[in-house]
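S.K.: Quick one: the structure is below, questions incoming.
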Amino acid sequence: MTTYCGYMGRVILLDLGERRAEDYVWTDRDRELYIGGKAMASRILYDRLTGKETAFDPENLIVIATGPLTGTGAPSSNRFDISSLSPLTGITASSNCGGNFGHYLKKAGFDALIIRGKCDSPTWVEIENGEFHFHDAAALWGLKTAETQEALQKALDAAHGKSVRCGMVAIGPAGENLVRYASVISGERAAGRAGMGAVFGSKNLKAITAAGDAVPTVFDREKAAAHRKKWVAAIRSHPLTGRQLPKLGTAGLVSSMQLHGLLATRNYAGGQFDAFEAVSGEALAEELTLSNSGCLSCPIRCARRVSVDGREVKGPELETLGLLGGNLENADLEKICRWNYELDELGMDTISTAGTLAWAMEANEKGLWKNGLAFGETDDLSQVFEDIAHRHGIGNELAEGSKRLSEKYGGRDFAIQSKGMELAAYEPRRAVGQGLGYAVANRGGCHLNGGYLVVLEGLGLDVNGQTPRGKADFCMLQQDLMEAISMGGQCLFTSYGLLPAFLLKNPNGALTKTVNAVIPFFGPAVRLLNKLPELACFNLPLLPYPYELRYTTGMKMNIGKFIRCGERSYNVERAVNARFGVSAESDKLPKRLTDIPQDPKRPDTRVPLEQMKKTYYRARGWEKNGLPSEKKLRRLGIC
């Protein structure tokens, strides 16, 4: 149990082989250091994994963790995290989801669920008010994700004699067949990255449902309510969270990416797609969007609703539009909407699927692997997706991801991945800070775990994307902030609100241009904050998260402690991954991005990675090998 509000006070270790649940000790000191979510999961993996495990070992753990704000009504606080050893990368990784499972896991009485072992046969697990029930999933095995969840709802309703309000996570055929980038689906939202669905499949775990009557408490309801009212008003008045995201969703970034040369095209051969307008957020809004929607408790409502075969379903996000669009040289928006739906139904990550296909198309073009796939020829891709999910024909090889394929057939220089994980849709040669983030991200080629510096380099502000100056320091700060935001269970899109609205409203104004010009020179000041966050022993309305955590949990929190929690999270994840071979040598990008300029006339349009890495390691206080020392870990309270 716990003295803090916001938490349910229980973490459960569930052994699938023994069909036994037991309490896992998680103290208030742990809560103070790691808050919840991904940081909590990383600490548990650090304590339990030795470095000898592999993703499909029964002793590999799955940690599903919520944050203390989940279920409390805090803005955009419905996120939950799934962490495990990734079958795609071979290291620990996390996947964040906006589905409703985290909300209902807390209603069932738990803050986190740790899963080990393997079921003897296909199984689904029911959690209800603190109790665990194991059910035969033979009839569900082979079903797609929507069919699975519909069948589970019917089974629960029949068993309880009423309509059961619950949350679910489930896998599709891709997870069952151990596709290395299989996802886990909750409702229509995906824990998409790193192959968490395949880990579920390796354990014969088809689904988990959660239901209950528990309600998390709030420490100071009056102050929390007043703070949330102001925060929601700020979110709704901000140019990004109040106008662009509600109007166009993340798809609204396509046009900006095109303008700045950031839109991955033809397997990252370039950063601009001639037919970008056909797959832009504006086209999606005008031609196919039925309505917009959002996750539970979110005032932003950035999700799109579209029609596929007469059925209203979730529309594609920016990454899906970019990577199944220009990166495959496809300008058919209706196809992308269909593929997005089909991949969610099969339970496959759209980013890694698209990245692997782009590599395969180029490998076919270069004669390295004759597979029949070609840029711009997309009529048969729905069947290719089915083949990947069921590991039929070339799908059996595509299911392994671009890194393994390039190691087998050649073409490593254009396998656009880092640590085995395919990159997001932002072409980094015009945003070198984002390139650094991709390389040093703990889980692999992730734009968010990499710090999302592209928001400064063209997609929010317009800082010089080619200069490495200051980028390492800002990369660290943004990584740590995003880690800390995720701990509470909140959506990272709320962080857009940290960008000063007056700068965004007047992008061509003298003040905005001046700020963009001088930001790279603030690296030393940012490094001071990174090294000594305790100097910020106060709170400011610009950063609402410490207030929310304090009012909800009763925990003492200020800006400095908040940033330090994020740093601790990033370091503990790095430390456990060091056991699985991660080092400076792993922090790399393909030569296409580091050695070949995007613009042949501009040598600076490439990622000067090695130069920035050295600065980044110094900024983090890591050794030259890219790892935190034991002294660093002790200072953060990790060991």
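The values are calculated or read from the model by the stated rules, or taken from the named source; none is laboratory data. What you are looking at is a predicted structure, and each value in this text was computed from that prediction instead of being measured. Positions of Cβ are backbone-derived with ideal geometry, glycine not excepted, and every protein chain shown enters the neighbour counts. Note: accessible area is taken over every heavy atom of the protein model, side chains too, but ligands, DNA and RNA are not part of it. Shrake-Rupley method; radii C 1.70, N 1.55, O 1.52, S 1.80 Å.
S.K.: Here are the criteria: (1) within 30 Å of residue 405 (Cα to Cα); (2) in a strand (DSSP E or B). Tell me which single one residue 180 does not satisfy.
M.R.: The single condition residue 180 does not satisfy is (2).
S.K.: Would you pick out the residues in segment 379-399 that are crowded, with 20+ Cβ neighbours inside 10 Å and either of a type in the set (Phe, Trp, Tyr) or not in a helix (DSSP H, G or I) (or both)?
M.R.: Once the filter is applied, which keeps residues that are crowded, with 20+ Cβ neighbours inside 10 Å and either of a type in the set (Phe, Trp, Tyr) or not in a helix (DSSP H, G or I) (or both), segment 379-399 yields 385, 399.
S.K.: Counting residues that are surrounded by 18 or more Cβ atoms within 10 Å (Cβ to Cβ) and either touching a helix residue (DSSP H, G or I) at 6+ places or on another chain (Cβ under 8 Å) or hydroxyl-bearing (Ser, Thr, Tyr) (or both), which strands (runs of 3 or more DSSP E) fully inside segment 1-71 reach at least 3?
M.R.: In segment 1-71, 62-65 are the strands (runs of 3 or more DSSP E) which contain 3 or more residues that are surrounded by 18 or more Cβ atoms within 10 Å (Cβ to Cβ) and either touching a helix residue (DSSP H, G or I) at 6+ places or on another chain (Cβ under 8 Å) or hydroxyl-bearing (Ser, Thr, Tyr) (or both).
S.K.: Let me ask something else. Condition (residue is without any contact (Cβ under 8 Å) to a residue 60 or more places away in the chain, on the phi < 0 side of the Ramachandran plot and in a loop (DSSP other than H, G, I, E, B)) applied to segment 126-141: is it met by at least one residue?
M.R.: So far as segment 126-141 goes, yes, one or more of its residues are without any contact (Cβ under 8 Å) to a residue 60 or more places away in the chain, on the phi < 0 side of the Ramachandran plot and in a loop (DSSP other than H, G, I, E, B).
S.K.: Let me ask something else. Tell me which residues, restricted to segment 576-586, are surrounded by 22 or more Cβ atoms within 10 Å (Cβ to Cβ) and either in a loop (DSSP other than H, G, I, E, B) or in contact with a Phe, Trp or Tyr (Cβ under 7 Å, 6 or more places away or on another chain) (or both).
M.R.: 576, 582
S.K.: Kindly provide the set of residues from segment 523-580 that are among the hydroxyl-bearing types (Ser, Thr, Tyr) and either out of contact with any Asp or Glu (no Cβ under 6 Å at 6 or more places or on another chain) or within 25 Å of residue 216 (Cβ to Cβ) (or both), ordered by number.
M.R.: Listed by number, the residues that qualify are 545, 547, 551, 552, 553, 569.
S.K.: Continuing with this model, one more query. Can residue 214 be described as over 18 Å from residue 146 (Cα atoms), part of a loop (DSSP other than H, G, I, E, B) and among the small types (Gly, Ala, Ser)?
M.R.: yes
S.K.: Being among the β-branched types (Val, Ile, Thr), farther than 30 Å from residue 425 by Cα and buried (at least 23 other Cβ atoms within 10 Å of the Cβ), is that true of even one residue in segment 169-190?
M.R.: No, that holds for no residue.
S.K.: Go through (1) open to solvent by 40 Å² or more (accessible area, probe 1.4 Å); (2) in contact with a Gly (Cβ under 6 Å, 6 or more places away or on another chain); (3) small (Gly, Ala, Ser) for residue 233 and report which single condition fails.
M.R.: With (1) open to solvent by 40 Å² or more (accessible area, probe 1.4 Å); (2) in contact with a Gly (Cβ under 6 Å, 6 or more places away or on another chain); (3) small (Gly, Ala, Ser) applied to residue 233, the lone miss is (2).
S.K.: OK, next. Is there a residue in segment 479-486 that is over 25 Å from residue 584 (Cα atoms) and surrounded by 24 or more Cβ atoms within 10 Å (Cβ to Cβ)?
M.R.: Yes, segment 479-486 contains a residue that is over 25 Å from residue 584 (Cα atoms) and surrounded by 24 or more Cβ atoms within 10 Å (Cβ to Cβ).
Each row is one residue, and each column tells you yes or no for (1) buried (at least 19 other Cβ atoms within 10 Å of the Cβ); (2) touching a Phe, Trp or Tyr at 6+ places or on another chain (Cβ under 7 Å); (3) of a type outside the set (D, E, K, R); (4) part of a loop (DSSP other than H, G, I, E, B).
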| site | (1), (2), (3), (4) |
| --- | --- |
| 511 | no, no, yes, no |
| 519 | yes, no, yes, no |
| 522 | no, no, yes, no |
| 526 | yes, yes, yes, no |
| 534 | no, no, no, no |
| 537 | no, no, yes, yes |
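S.K.: If you don't mind, another one. Return the total of residues in segment 487-509 being assigned to a loop (DSSP other than H, G, I, E, B) and loosely packed, with under 15 Cβ neighbours inside 10 Å.
M.R.: 4
S.K.: Here's a follow-up. Within segment 363-378, can you find the residues that are assigned to a helix (DSSP H, G or I) and open to solvent by less than 10 Å² (accessible area, probe 1.4 Å)?
M.R.: Within segment 363-378, just 363 meets the criteria.
S.K.: Got a sec? Which of 282, 319 is among the acidic types (Asp, Glu), modelled with pLDDT of 95 or more, closer than 16 Å to residue 245 by Cα and open to solvent by less than 30 Å² (accessible area, probe 1.4 Å)?
M.R.: Of 282, 319, the one residue that is among the acidic types (Asp, Glu), modelled with pLDDT of 95 or more, closer than 16 Å to residue 245 by Cα and open to solvent by less than 30 Å² (accessible area, probe 1.4 Å) is 319.
S.K.: Between 550, 568, which is assigned to a helix (DSSP H, G or I), open to solvent by 30 Å² or more (accessible area, probe 1.4 Å) and either assigned by TED's automatic domain parsing to the domain that holds residue 501 or closer than 26 Å to residue 610 by Cα (or both)?
M.R.: None of the others qualify; the one that does is 550.
S.K.: Restricting attention to segment 462-478, which residues are open to solvent by less than 10 Å² (accessible area, probe 1.4 Å) and among the aliphatic types (A, V, I, L, M)?
M.R.: Passing the criteria: 463, 472, 476.
S.K.: For segment 587-618, which positions are part of a loop (DSSP other than H, G, I, E, B) and among the aliphatic types (A, V, I, L, M)?
M.R.: Result: 589, 596, 607.
S.K.: OK, next. Would you mind stating whether residue 362 is under 21 Å from residue 169 (Cα atoms) and either of a type outside the set (Lys, Arg) or modelled with pLDDT under 95 (or both)?
M.R.: Taking the combined requirement at face value, the residue does not satisfy it.
S.K.: Take residue 189 and decide whether it is touching a residue at least 60 places away in the same chain (Cβ under 8 Å), touching a strand residue (DSSP E or B) at 6+ places or on another chain (Cβ under 8 Å) and closer than 27 Å to residue 292 by Cα.
M.R.: yes
S.K.: Take segment 191-204 and flag every residue that is within 23 Å of residue 91 (Cβ to Cβ), over 17 Å from the mean Cα position of the chain (by Cα) and open to solvent by 10 Å² or more (accessible area, probe 1.4 Å).
M.R.: Answer for segment 191-204, where residues must be within 23 Å of residue 91 (Cβ to Cβ), over 17 Å from the mean Cα position of the chain (by Cα) and open to solvent by 10 Å² or more (accessible area, probe 1.4 Å): just 202.
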